Structures are given as structure tokens and as C-alpha cells.
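Each value in this text was obtained by applying a stated rule to the coordinates, not by laboratory testing. Model, not experiment: these values are computed from the prediction. Please note: Cβ atoms are built from the backbone with ideal geometry, for glycine as well, and neighbour counts cover all protein chains shown.
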Amino acid sequence: MRLNDLAEAPVTEATTFKLKAQLLEQGRTDEEILRTDNLWARLKVYASGGENVLHAHPIEDHMFLILQGRATFYDKEGQATELGKYEGILLPAMTYYWFCATGDEPLVLFRLGARAGEPPKDFGAGVTRVDVTGAPIHGESEANKEVPVIFRDGAYFG
């Protein structure tokens, strides 16, 4: 369900937006809020316990700001950083990380990304993340711990 009904083309003028998303019992959602040629924002919701796998974004600097819940971020060596409401993390391009929702309530994240260079010529179209071997890994895949979404009836953020 698209709650922020912006056109698919990049934004070229001042635009307002509202952060709103349905909370989850299981799985995760990832909603694009806005996009220009060099900057994009997403609202991500994870059910408690939801996670992804170790990966990096080769041509994107990005950050997460926790709006609700708690998350633990792990680096390539397994070092944990626990974050709560209104705390964030900056991940420059090619920083390997993974995270999981560690609180009792659903995790709501604001994710802001910015272009950090151009993709190599052999980089596949649409590839935005790589695993530790450098192979492309799609965000919405079993390999990235994707599970079916179960929405929490009548429960929303925003």
C-alpha cells in the first residue's frame, strides 16, 4: 500500500511529505518517500525480531534514524551498536553492516541515501547492494531474510 503518493519521476521542485506506515506483526516494508537524482528517502518498518543480512551499498552513503523501537546494527566483524528512538547511524559507501529489530515493538526507520560515485561498468542494472563476496543481493529476497508481511490491524506510525 503506497501511503505517500509521489510520482515515480525524481522530484524537481519543493515537495512536502508525511511519514505514515502500518505497523507489522511479521516481516518488513520499505516505502520510498522521495527521490531526486542524488538523494532519496525511505520509510522502513520491521516487525520485532525482523532482520537482514551482512551487506554493503557500493555507490551510496546512507543513514538511518530510528523513529520507533530499537535496533542493533552489526559491522563486518560482528561489533554491535544498539540504537533507540531518535538515534541514528551513518554508513558511508561500502560499509558492511546488518541490523535487526531488537525491541518489543515494531521498528520504524527513516532512511536517507545519497549518491556516492558512479557504478562500475560491469555493475548490473538496479544493483544497489552486495554481499561479502561482492555479489549482488536483492533486498527483497530469501537470501536477505525476507519473510511474508503480516500487518498489525489498525496500528500505524504517524
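Below, the figures for the structure above:
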{"read-out": "Most mobile of Gly134, Gly84, Gly113 in a GNM of the chain (Cα contacts under 10 Å)", "value": "Gly134"}
{"read-out": "Contour minus Cα-Cα distance for Glu77 and Asp104 (0.36 nm per residue)", "value": "7.1 nm"}
{"read-out": "Loop-located chymotrypsin sites (Phe, Trp or Tyr not before Pro) in segment 73-154, at most 16 other Cβ atoms within 10 Å (DSSP)", "value": "Tyr86, Tyr96, Phe123"}
{"read-out": "Projected label distance in nm at Ser141 and Lys85, using a 7 Å step from Cα toward the beta-carbon", "value": "3.7"}
{"read-out": "Cα-derived Rg over Rh, computed across segment 54-134 with Rh taken as Kirkwood radius", "value": "1.01"}
{"read-out": "Cα convex hull volume per residue for the chain (Å³)", "value": "119"}
{"read-out": "Cβ-Cβ FRET estimate between Val53 and Tyr156, R0 fixed at 25 Å, reported to 0.05", "value": "0.35"}
{"read-out": "Residue order, fewest to most beta carbons within 10 Å, for Lys76, Lys18, Lys121", "value": "Lys121, Lys18, Lys76"}
{"read-out": "Net length gained if the chain between Val127 and Asn38 were fully extended (0.36 nm per residue, minus Cα distance)", "value": "30.4 nm"}
{"read-out": "Other-chain or far-sequence residues with amide H under 5 Å of Leu34's (modelled H)", "value": "Ala41"}
